[in-house]
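Values in this text are rule-based calculations from the coordinates and carry no lab data. Source: prediction; values computed, not measured. Positions of Cβ are backbone-derived with ideal geometry, glycine not excepted, and every protein chain shown enters the neighbour counts.
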């Protein structure tokens, strides 16, 4: 799959201080690039009420992304679980 990043995703990554979480985010991005479809990814959930928005759980952090088309993922935000639903979508 093709992976794209929103400017807000870069800003939200800078705020995260835990290096383990950043490493796991990088691993998930690589897994997205290798995957053929969203259904092949682990720990993702589709957000209720939205057709193209998903989230991925990494400990206390969540990655919010959109499935732009069946072969493209747009990462929008990465933040703590208490803030994700205020900022995304």
Options 3, 15; residue that is under 22 Å from residue 83 (Cα atoms), in contact (Cβ under 8 Å) with a residue 12 or more places away in the chain and surrounded by fewer than 17 Cβ atoms within 10 Å (Cβ to Cβ) = 15
Might you check whether a residue that is in a strand (DSSP E or B), touching a strand residue (DSSP E or B) at 6+ places or on another chain (Cβ under 6 Å), touching a residue at least 40 places away in the same chain (Cβ under 8 Å) and surrounded by 15 or more Cβ atoms within 10 Å (Cβ to Cβ) occurs anywhere in the range 65-74?
-> yes
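Which count do you get for residues in the range 26-60 that are at positive phi and touching a strand residue (DSSP E or B) at 6+ places or on another chain (Cβ under 6 Å)?
Going through the range 26-60, the residues at positive phi turn out to be 43, 49, 59.
Retained after the next criterion (residues that are touching a strand residue (DSSP E or B) at 6+ places or on another chain (Cβ under 6 Å)): 43.
Final tally of qualifying residues: 1.
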Please state which of the following conditions residue 51 fails to meet, knowing it meets all the rest: (1) exposed (fewer than 11 other Cβ atoms within 10 Å of the Cβ); (2) under 14 Å from residue 79 (Cα atoms).
-> (2)
